[in-house]
Amino acid sequence: MVFEKIKGIIVEQLGIEEDKVNLQTTFEELGADSLDLFQVIIEIEEEFGIQLEDAEKIKKVEDAVKYVESKIEA
C-alpha cells in the first residue's frame, strides 16, 4: 500500500510511466534531479503526514517506502 502511493506520487511528479518504477529503481535512473526529488519528498510528507529527515539518504524507491513504513509504525 505504501509503495503504491509513493509510486503514484513519483509517476505524477516526474511524468513517467508506471512500469518504470519498482522498489529497486533509483531516483537517478528515473532522471530525477535534486529539485524533482524535493518535490517528491514534499508530496510524500503531505500524503502520509510525516516529516522526512535525512532526505539525501533516499536513493531508491525502496528507501522511501521503508522510511515511510517505519514512521507509520512508530
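The values are calculated or read from the model by the stated rules, or taken from the named source; none is laboratory data. Treat the numbers as computed from the prediction; the structure is a model and nothing was measured. All Cβ positions, even for glycine, are placed from backbone atoms using ideal geometry, and neighbour counts span all protein chains on display. Accessible surface areas use protein heavy atoms only, side chains included; no ligands, DNA or RNA. Shrake-Rupley method; radii C 1.70, N 1.55, O 1.52, S 1.80 Å.
Across the stretch 23-31, in residue order, what do the Karplus-derived ³J(HN,Hα) couplings come to in whole Hz, using 6.51 cos²θ - 1.76 cosθ + 1.60 with θ = phi - 60° and x for Gly and Pro?
4, 8, 5, 8, 5, 5, 4, 7, x
Determine the per residue accessible area of the chain with all protein chains present and a 1.4 angstrom probe, expressed in square angstrom.
With all protein chains present, the chain gives 64 Å² per residue.
Residue by residue through the stretch 46-57, which ³J(HN,Hα) values in whole Hz follow from phi under the Karplus form 6.51 cos²θ - 1.76 cosθ + 1.60 (θ = phi - 60°), with glycine and proline marked x?
Result, ordered by residue: 5, 4, 9, x, 10, 10, 8, 8, 6, 4, 5, 7 Hz.
Carbon-plus-sulfur fraction of the accessible area of the chain, 1.4 Å probe, in percent?
On the chain, the fraction of accessible area on carbon and sulfur atoms equals 47 percent.
Compare the peptides 15-21, 25-31 by average per-residue count of other Cβ atoms within 10 angstrom and give them in order, highest first.
Listed from highest to lowest mean packing, they are 25-31, 15-21.
Would you mind calculating the relative contact order of the chain from Cα pairs under 8 angstrom and at least 6 residues apart, reporting the percent as a whole number?
It rounds to 38 percent for the chain.
Would you mind telling me which residue in 35, 23, 52 has the biggest mean-square fluctuation in a Gaussian network model of the chain, where springs connect alpha carbons within a distance under 10 angstrom?
Its mean-square fluctuation being the largest, the pick is 35.
So for 48, 38, what's the accessible-area order with a 1.4 Å probe, most first?
38, 48
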